[in-house]
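The values are calculated or read from the model by the stated rules, or taken from the named source; none is laboratory data. Predicted model only: the values in this text are computed from it and were never measured. With ideal geometry, Cβ positions are generated from the backbone for all residues, glycine too; neighbour counts draw on all protein chains shown.
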Amino acid sequence: MVGVATTERFVKDCAMVMQALTSGPMTNGEISVSTGLSPQRIGTLTVSMADRGQIRSLRCVLNKKRILVNLWSLPEAKGDEREDAHRNSETDLRAIRREYSNVALRSVNLSENPVSQFECWFNDAIRAECRDVTAAALATASAEGQPSVRYVLIKHFSDRGYCWYTDSNSQKGVELAINPQAALCFYWPETERQVRISGRVERVEEDLSERYFKERPMACRISALASEQSQPIACRAELENRVLALSARFQDGDVPRKESWGGYRLVPNYFEFWQGRQDRLHDRFMYRKNGEVWTSQRLMP
Ligand SMILES: Cc1cc2nc3c(=O)[nH]c(=O)nc-3n(C[C@H](O)[C@H](O)[C@H](O)COP(=O)(O)O)c2cc1C
C-alpha cells in the first residue's frame with residue numbers, strides 16, 4: 001500500500017480501510033468501519049479495478065487527505081470463503097507504511113568522531129522527547145553462531161564504549177563469555193534515526209558495577225538478587241516469594257550485589273548513522289576504526 005501517510009492516526013485509518021475491503025464489498029462510495037459500537041464514516045472511496053478479481057489500486061479520500069492505495073492480490077473469494085482465506089493467511093502488514101521526511105544528513109555535517117556524532121543525535125532524541133531514548137537492541141550470538149537479540153538500557157557512554165547492566169548468567173551473558181563480538185541498535189522514531197554500533201564487549205570494572213548497583217532503587221536491587229535471569233521458573237508466585245523473603249532479610253536496605261550482576265561495555269569499531277528520507281532514499285554513513293583513526297563512508301540506502 002502506497003500512501004501519503006503523514007500521521008499515525010491516518011495510517012490507522014488506512015489499515016481500517018484495508019480491513020473493511022477484505023471483509024466487505026469492494027464498491028465505490030462511502031466507507032464506514034465499526035470502531036466500537038457505532039459505524040463511523042471515515043472517508044470517500046473510489047475503487048479502480050485495474051484487473052478483475054485483483055484490485056491493484058484504489059483512490060481514497062480520508063480525513064480530507066488523498067491517498068493512493070495499492071492492493072496486491074486481494075483474495076478473489078467472496079463472503080465466508082474470503083473471510084476464511086483471510087483468517088488462514090499470514091497477517092498482512094503492508095498497509096502500515098509511512099514516509100520519512102527528516103532533514104538531510106551530509107558528510108560535511110558529520111562529526112569526525114562517531115561518538116560525538118552519536119552524542120549529538122542522542123541529545124536531539126532527548127529534545128524530541130523520544131520514549132526509552134536509552135534503549136538499544138543488543139545482538140549476541142551463541143557458540144554455534146545462532147544470533148539472539150533483546151533490548152537493554154544504556155547507562156553511560158564515552159569514547160571508551162557503551163555500557164549496560166545485567167546478569168552474566170543470563171543468555172546474553174553466557175553468549176558474550178563465549179563470543180564477545182556484539183552489536184547495539186538504537187532507533188528513535190521521533191527523529192527518524194537509527195544508529196548501529198558493533199564491536200567487542202568487556203565487563204566493566206567491579207567498582208563501577210558496585211557504584212551503579214547502589215544507586216538503584218531498593219526494589220530493583222532486590223529484584224536483581226531474586227531473579228536468576230533467563231532461567232526457567234514454575235510460576236510468578238515463586239519469584240514473588242523470593243522477593244518477599246529477601247525484602248525481609250535486607251530490611252536495612254543494604255542489599256548485596258551478587259557476583260553475576262554487573263556492567264558490560266561494548267567497545268565500538270563500527271558505527272552506522274541512518275537518517276530516514278523521502279521515498280526510501282535514506283541517508284546512511286558508516287564509520288570504521290583503523291588503529292586509532294575513524295574513517296567514514298556514505299552507504300546506499
Ligand atoms: C526497553 C527494555 C530495556 C531493557 N533493559 C534491560 C537491561 O538494561 N538489562 C537487562 O538485563 N535486561 C533488560 N531488559 C530485558 C531484556 O530485554 C531481556 O529480556 C533480559 O535481559 C534477558 O535476556 P537474555 O535472556 O537474552 O539474556 C530490557 C527490556 C526492555 C524491553
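Flag: Phe122 does not match the condition of being closer than 21 Å to Glu292 by Cα and either more than 12 Å from the ligand (Cβ to nearest atom) or at pLDDT below 95 (or both). A search for C-beta distances below 6 Å between a residue of region 127-145 that is without any contact (Cβ under 8 Å) to a residue 40 or more places away in the chain and any residue that is within 12 Å of the ligand (Cβ to nearest atom) and part of a strand (DSSP E or B), counting only pairs 6+ apart in sequence or on different chains, returns Thr134/Leu153. Just one of the listed residues (Arg288, Arg298, Arg221) is surrounded by 14 or more Cβ atoms within 10 Å (Cβ to Cβ) and either out of contact with any Pro (no Cβ under 9 Å at 6 or more places or on another chain) or part of a strand (DSSP E or B) (or both), namely Arg288. Scanning region 158-205 for residues that are among the polar types (S, T, N, Q), part of a strand (DSSP E or B) and within 14 Å of the ligand (Cβ to nearest atom) gives a single hit, Thr166. Identify the residue in region 147-157 that is farther than 22 Å from Arg257 by Cα and more than 6 Å from the ligand (Cβ to nearest atom) and, among all such residues, is farthest from the chain's Cα centre (by Cα). Top of the filtered list is Phe157.
In the set (1) modelled with pLDDT under 95; (2) in contact with a Cys (Cβ under 7 Å, 6 or more places away or on another chain), the condition left unmet by Ala143 is number (2). Contact annotation: residue pairs with Cβ atoms under 6 Å, 6 or more positions apart or on different chains, pairing a residue in region 146-170 that is farther than 23 Å from Pro114 by Cα with a partner that is within 6 Å of the ligand (Cβ to nearest atom) and among the hydroxyl-bearing types (Ser, Thr, Tyr), are Ser170/Ser230. Against the list (1) outside any strand (DSSP E or B); (2) more than 30 Å from His282 (Cβ to Cβ); (3) within 16 Å of the ligand (Cβ to nearest atom), the condition Asp254 fails is (3).
For region 125-144, the set of residues classified as outside any loop (DSSP other than H, G, I, E, B), aliphatic (A, V, I, L, M) and within 12 Å of the ligand (Cβ to nearest atom) consists of Ala135, Ala136, Ala137, Leu138, Ala139, Ala141, listed by residue number.
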